[in-house]
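Undergrad: Quick one: the structure is below, questions incoming.
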Amino acid sequence: MLNRKAVPEITDAVKFQLSLPPHRKITLRNGVDVYLVNMGTVDTVMMNVIFYAGNCYESENLTAAATNFMLKNGTRSKNAYQINDFFEYYGAYLNRQAGHETAELTLHCMKKHFAELLPVVSELMTDSIFPEEELRIYIKNMQQRLQVNLRKNDFIAGRLIDTYLFGPSHPYGRYSSMEDYAALQVDGVKKFYKQYYQEGRCVIFIAGPLPDNIDTLIETNFGSLPLTGSSRPDMANADILPVHEKKYRVTNDADSVQGAIRIARNFPNRHHPDFQKMQVLNNIFGGFFGSRLMANIREEKGYTYGIHSYLTNLIQESALMISTEAGKDVTEATIGEVYLEMKRLCEEPIPADELKTSKNFMIGTLLGDLDGPFQVAGRWKSLILNGLTEDYFYRGIEIIKNIKPGELQELANKYLNAADFYELAVF
Amino acid sequence: MHIDYKKFTLSNGLRFIVHEDHTTPMAVLNVLYDVGARDEDPGKTGFAHLFEHLMFGGSVNIKDFETPLLMAGGENNAFTTNDLTNYYIQLPAENIETACWLESDRMLSLAFSEKSLDVQRKVVSEEFKEHYINRPYGDVAFKLRELAYKQHPYRWMTIGQELSHIENAKLTDVKAFFFKHYNPSNAILVMAGNINTEKALALAEKWFGVIPAGEKYIRHLPAEPKQETARRMEVKADVPLDALYKAYHVGSRTDKSYYAMDLIGELLGGGGSSRLFQSLVKEKKLFSNIECYHFGSSDPGLLLIEGKLIKGVPMTTADQAIGEELEKLGSADIEEKELTKVKNKTESAILFEDMSLMNRASNLAMYELMGDVSFMNTELEKYLEVTTREIRDLSGSIFEEKNSNSLFYYSNN
């Protein structure tokens, strides 16, 4: 007779030996570092070109984002339509993304077309012309998108909390406005492009089952570009000036039925010895579906569809962020419960079985997260951009496997004090 | 890319598919139930989705679904559509039996806890508010479905027609729904990843094969009558911009016209070189964004176009401009090169989608639901067979004025 009450024998995930598949680094004639992750069974390739061209480097707000977006909007020999049509004809995806520190161009394509696509990626990096009309269309469309987003409480909350944490003038705390879009000029964009793309510095990651002539392909297409920037341009590394006042209630829409909540504190970057330990504590606190915040506030009380906490992914400094949207009538109660969960972690050691469960989950999902060439390249990217080595990856695993309840409680007492948190609800 | 699999039918009628992939350390267990929002009572909409939430509230022998799964290093989730409900677990392959144990117990029977129902009613209400009430244009999908469907249950959303339907759900409804739809006769089981077929089959027999077959649910849904005149709805709402939505009736996922229809959507709205974007956003500057999409639904579906108007552009001008683009597709053959482009895009999209073990597992189940799992490996051929002539003919019939549903969504500020 089948015993359905008893759990079948489980192999503890913490017993798995996890390894980060290696990359091979080549340095092109012009000094650009390229990291190759040659693995995978499906004939697809990803190339991620990362420039130090985030908003940390801009002098006029939104210049970095506009420059990055418009990389696809015209070169000397191709207009925006021709560029899009070229990549789409091969079923390739060319995405761009601008953040605070870096700005990226990412190509996903079928392996069989990779070689044909590279010259045009290179062309966008060196030969973009930023037509006036394209900029006007961009400004108008972004302004309209902003108008819609400004009606969303969650969007407002996301902007405001960063301003509190880092100060309104820090690149992490600055945000878009109708006026700043209107003030964008082609000259400013071209200047930024010249300094941070054409003559800037980039790092390239390529992953997938790579063609045999990959070294030659990359050298040919990118090795002679005039990328003369220093290994990492002086980051604006602006002073982080958190604001003084900690608690905020903002009314955005009188008819709203939910409040968008952010509770957050500043947190050191990945080089701080507490960072990886905090990831374990955070996992239990609000890091996944079975976390304490989810168990209490969603699964026990039904105040929200979802609540999460996480350490933000930034190079200069991180933040511990708790984020949710909760019914208007239970918004304050939700905030109260978040603090109660912090208090519990400070006052009571995490029970051994809860910690063991969480460790198994973290290792098991890490195993899944390393499954595939693009995922592996993503890990390397995070290490390399943050100035870390693979030791960091293995140290993280050791921390997950070995950390004790006492150490986590100490960490909670150091970082989970209600008084240190900014608290915001937008209705 | 050819996906290898083996298909079995267990003695209780449960269809079981195994896909071996020894390049990954992981395994996926996927269970698809042939029930979606279209199977709901019109007075109790949103139930299939609410029920999906309850599937995590404990089963007959296992009080806590989550903890053993985490102990096994696994993660899981589920989704509900108008057509189906799909559950999946991904975990290190060594622990696949834990997934079998958990998933088979909730196919056997649930705990039916009043407390769980009470909480999940609230959670789903918050989900409803977060996605559909507390955001601008949040009610559009509700209105479009009501406009386009008069008889077929696609006229309501998966989340439910209205909040009260969810708030009023009773435990007796939950039980009746479970015993009607959640049994081996109405399910498809897939195991994929670093497992071998023989062992997988033994596990399936052991945990799932012994569950009583249950009654096969036979679907009798009212067919949507052919739309004979153009429909239009106007709405004024507290939103910053005017928006325009168009919905056209198209065939089902298994209709032979599906592949050409999907390519038409891609020609019109797929990416920066697509027709609507290039003409209406870039050249004529009438919209700040425009998209074209469909849901690939099991019963005859909709091809949708939506865009936000540039401030100051009259609605009729925008509507007419869309009409002109649609008319072009129906009145002349497109260049062979443009058709090749959207076929290449499709080939690439399929390849990228199949990279993920989880996607492969759920797609195997979905193709089996469509009629035969083998369709998964013949899909691309069917796209490649589409001709410019078919694109033209099908566009002509889809974009007939009398087949259109237009929603003019005006900003009142």
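Read the figures in this text as sums done on the coordinates, not as results from a lab. Keep in mind it's a predicted model, so treat the numbers as computed, not measured. All Cβ positions, even for glycine, are placed from backbone atoms using ideal geometry, and neighbour counts span all protein chains on display.
Undergrad: Among B:THR23, B:TYR33, B:LEU50, pick out the residue whose Cα is farthest towards the positive end of the charge dipole of chain B, where Lys and Arg carry +1 and Asp and Glu carry -1 on C-beta, about the Cα centre.
TA: About the Cα centre, the residue reaching furthest to the positive side is B:LEU50.
Undergrad: Taking the Cβ-Cβ separation of B:GLU291 and B:LYS63 as r and a Förster radius of 56 Å, what is the calculated FRET efficiency to the nearest 0.05?
TA: The computed FRET efficiency comes out at 0.80.
Undergrad: Moving to a separate point now. Out of residues 5 or more away from B:LEU302 or on other chains, whose amide H comes under 5 Å of its own, with H placed 1.01 Å from N in the peptide plane?
TA: Residues meeting the criterion, in which the H sits 1.01 Å from N, are B:VAL250, B:PHE295, B:SER297.
Undergrad: Let me ask another. So in chain B, what percent of DSSP beta bridges are antiparallel if you round to the nearest 5? Each step should come with its number before you reach the end.
TA: Details: 46 of 59 bridges.
That works out to approximately 80 percent antiparallel.
Undergrad: Using all Cα-Cα distances in chain A, what percent lands in each 20 angstrom bin from 0 up to the longest?
TA: Here the calculated profile for chain A is 22, 52, 25, 1.
Undergrad: While we're looking at this one, here's another question. With contacts defined as alpha carbon pairs under 8 Å and 6 or more residues apart, what's the relative contact order of chain B in percent?
TA: Contact order relative to length: 22 percent.
Undergrad: May I ask for the net charge around A:GLY188, where only other residues with Cβ less than 15 Å from the Cβ of A:GLY188 are counted and Lys, Arg are +1 while Asp, Glu are -1?
TA: Residues near A:GLY188 contribute -3 overall.
Undergrad: In Å, what Kirkwood hydrodynamic radius results for the stretch B:1-139 from the alpha-carbon pair distances? Working shown, then result.
TA: On the way: mean 1/r = 0.0590 Å⁻¹.
In the stretch B:1-139 this quantity evaluates to 16.9 Å.
Undergrad: Determine the calculated [θ] at 222 nm for chain B from helices alone, applying -39500 (n - 2.57) to every DSSP H run no shorter than 4 residues and normalising by the residue count; nearest 500 deg cm²/dmol.
TA: -11500 deg cm²/dmol
Undergrad: Only Cα pairs within less than 10 Å get springs; with that Gaussian network setup on chain B, which residue of B:ARG392, B:ARG135, B:ARG121 has the largest fluctuation?
TA: B:ARG135
Undergrad: To continue, here is another question. How far apart, in nanometres, would the label points at A:HIS271 and A:GLU132 be if each is projected 7 angstrom from Cα along the Cα-to-Cβ direction?
TA: So the two model labels end up 4.6 nm from each other.
Undergrad: Report, in debye and to the nearest 20, how large the dipole of the stretch A:24-222 comes out about its Cα centre when Lys and Arg carry +1 and Asp and Glu carry -1 on their Cβ.
TA: Working: 20 positive and 23 negative charges, 49 e Å.
Computed about the Cα centre, the dipole is about 240 debye.
Undergrad: Per residue of B:89-102, what is the mean number of Cβ atoms on other protein chains within 10 angstrom of that residue's Cβ?
TA: Counting other chains' Cβ atoms within 10 Å and averaging over B:89-102 gives 5.
Undergrad: A further question on this structure: For the stretch B:207-212, take each phi angle, set θ = phi - 60°, evaluate the Karplus expression 6.51 cos²θ - 1.76 cosθ + 1.60, and give the result in whole Hz per residue in order, putting x for glycine and proline.
TA: In residue order, the calculated couplings are 9, 9, x, 8, 6, x Hz.
Undergrad: Given the options A:GLU58, A:GLU407, A:GLU317, state which has the largest fluctuation in a GNM of chain A using a 10 Å cut-off (strictly under) for Cα springs.
TA: Judging by the Gaussian network model, the answer is A:GLU407.
Undergrad: Kindly work out what percent of the DSSP beta bridges joining two residues of chain A are antiparallel, to the nearest 5.
TA: Counting only bridges with both partners in chain A, antiparallel ones make up about 80 percent.
Undergrad: Something else now. How many nm separate the modelled label positions at A:ASN417 and A:ASP239, each set 7 Å beyond the Cα in the direction of the Cβ?
TA: Computed distance between label sites A:ASN417 and A:ASP239 equals 2.4 nm.
Undergrad: Work out the mean other chain Cβ neighbour count within 10 Å for the residues of A:372-382 and drop it here as an integer.
TA: Per residue, the number of nearby Cβ atoms from other chains is 1 on average.
Undergrad: Using +1 on the beta carbon of Lys and Arg, -1 on that of Asp and Glu, and nothing else charged, what's the dipole of the protein assembly as shown about the Cα centre, debye to 20? Before the final figure, lay out each step's value.
TA: Values: 91 positive and 113 negative charges, 117 e Å.
Here the size comes out at about 560 debye.
Undergrad: Turning to a different aspect of this structure: Whole Å is fine, so just give me how far the alpha carbon centre of the stretch A:361-427 lies from that of the stretch B:68-101.
TA: Here the answer is 24 Å between Cα centres.
Undergrad: Would you tally the net charge around A:TYR415, using a Cβ to Cβ cut-off of less than 12 Å, leaving A:TYR415 out, and scoring K and R as +1, D and E as -1? Before the final figure, lay out the partial values.
TA: Working: positive: A:ARG265, A:LYS277, A:LYS414; negative: A:ASP274, A:GLU410, A:ASP420.
Cβ neighbours under 12 Å give a net charge of 0.
Undergrad: Taking chain B as a Gaussian network, where each spring joins two C-alpha atoms under 10 Å apart, which residue of B:MET71, B:MET370, B:MET358 fluctuates the most?
TA: With Cα springs under 10 Å in chain B, the top fluctuation among B:MET71, B:MET370, B:MET358 is at B:MET71.
Undergrad: Okay, moving on. Taking +1 at the Cβ of each Lys and Arg and -1 at the Cβ of each Asp and Glu, which of B:ALA200, A:GLN17, B:CYS292 sits farthest along the dipole of the protein assembly as shown towards its positive end, judged by Cα position relative to the Cα centre?
TA: B:CYS292
Undergrad: Could you derive backbone 3J(HN,Hα) for the stretch A:355-361 from the dihedral phi with the Karplus parameters 6.51, -1.76 and 1.60 (θ = phi - 60°), listing whole Hz in sequence and x where the residue is Gly or Pro?
TA: Ordered by residue, 3J(HN,Hα) equals 5, 5, 4, 5, 5, 4, 4 Hz.
Undergrad: Another one. Quick one: net charge around A:ILE139, please, counting Lys, Arg +1 and Asp, Glu -1 for every other residue with C-beta under 15 Å from its C-beta.
TA: Every neighbour counted, the sum reads -1.
Undergrad: Give the separation of the Cα centroids, the stretch A:45-80 to the stretch B:1-52, in Å.
TA: The stretch A:45-80 and the stretch B:1-52 have Cα centres spaced 43 Å from each other.
Undergrad: In percent, how large is the relative contact order of chain A, given Cα pairs closer than 8 Å and 6 or more residues apart?
TA: 21
Undergrad: Next question. I'd like the distance separating the alpha-carbon centroids of the stretch B:390-413 and the stretch A:1-38, in whole Å.
TA: 49
Undergrad: Quick one: what are the phi-derived ³J(HN,Hα) couplings along the stretch A:405-412, Karplus 6.51/-1.76/1.60 with θ = phi - 60°, whole Hz, x for glycine and proline?
TA: Each residue of the stretch A:405-412 in turn: x, x, 5, 5, 5, 4, 4, 4 Hz.
Undergrad: Helix-only estimate, please: 222 nm mean residue ellipticity of chain A, summing -39500 (n - 2.57) across DSSP H runs of length 4 or more and dividing by its residues, to the nearest 500.
TA: Value at 222 nm, helices only, nearest 500: -12000 deg cm²/dmol.
Undergrad: Ranking request for peptides B:91-98, A:408-415: highest mean number of other beta-carbon atoms within 10 Å first, then the rest in descending order.
TA: B:91-98, A:408-415
Undergrad: Pull up the cross-link candidates among the aspartates and glutamates for A:LYS356, meaning alpha carbon to alpha carbon under 12 Å and not fewer than 8 places away within one chain.
TA: A:ASP12
Undergrad: I'd like to know which of B:MET355, B:LEU339, B:MET315 lies farthest towards the positive end of the charge dipole of the stretch B:231-411, counting +1 on Cβ of Lys and Arg and -1 on Cβ of Asp and Glu.
TA: Value: B:MET315.
Undergrad: When you look at the Cβ of every residue in A:138-151, what mean number of other chain Cβ atoms sits within 10 Å?
TA: Whole-number average of other-chain Cβ neighbours for A:138-151 is 4.
Undergrad: Long-range amide H contacts for B:ILE3: which residues qualify at under 5 Å (H placed 1.01 Å from N, peptide plane, sequence gap of 5 or more or a different chain)?
TA: Residues meeting the criterion, in which the H sits 1.01 Å from N, do not exist here.
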